[in-house]
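Structure, as structure tokens:
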Amino acid sequence: MSHSLDILWDNDTLPHKELFMAEGVNVRFAGELQRFVQQRTSASGLYSSASEYIRDLVRHDYEREEQRKWQWLRQELQAGATADASEFVALDADSIIGEAKKRRKKHDR
């Protein structure tokens, strides 16, 4: 037997709510997963409804993914942030634009 949960997103509580365009989601659970959700949403559970529980899971997953992306960016920037000043090369906008124009001309041939 499957269990159906109709989840309506609460757009006022979601971070970056513009990313969440769905009006609703239908989720079905069976067996152990169904019992687990029912435990979490029973009178003695942590959540008042299955929808609240699922929204919380999605929010936490979204936050973990955002943290993972920021961690990746920090790691990518670490070498530059800890580099010795002697490792830097002085650049100016005109030379960068000039180099880009040269590459573009070479590429267009």
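The values are calculated or read from the model by the stated rules, or taken from the named source; none is laboratory data. Worth saying up front: this structure is predicted, and the values here are computed from it rather than measured. Please note: Cβ atoms are built from the backbone with ideal geometry, for glycine as well, and neighbour counts cover all protein chains shown.
Would a scan of the range 27-41 turn up a residue that is modelled with pLDDT of 85 or more, part of a strand (DSSP E or B) and in contact with a Ser or Thr (Cβ under 6 Å, 6 or more places away or on another chain)? Yes, there is a match, as at least one residue in the range 27-41 is modelled with pLDDT of 85 or more, part of a strand (DSSP E or B) and in contact with a Ser or Thr (Cβ under 6 Å, 6 or more places away or on another chain). The single condition among (1) assigned to a helix (DSSP H, G or I); (2) modelled with pLDDT under 90; (3) closer than 27 Å to GLY24 by Cβ that GLY45 does not meet is (1).
Just one of the listed residues (ALA50, ALA93, ALA79) is surrounded by fewer than 10 Cβ atoms within 10 Å (Cβ to Cβ), at pLDDT 90 or above and aliphatic (A, V, I, L, M), namely ALA93.
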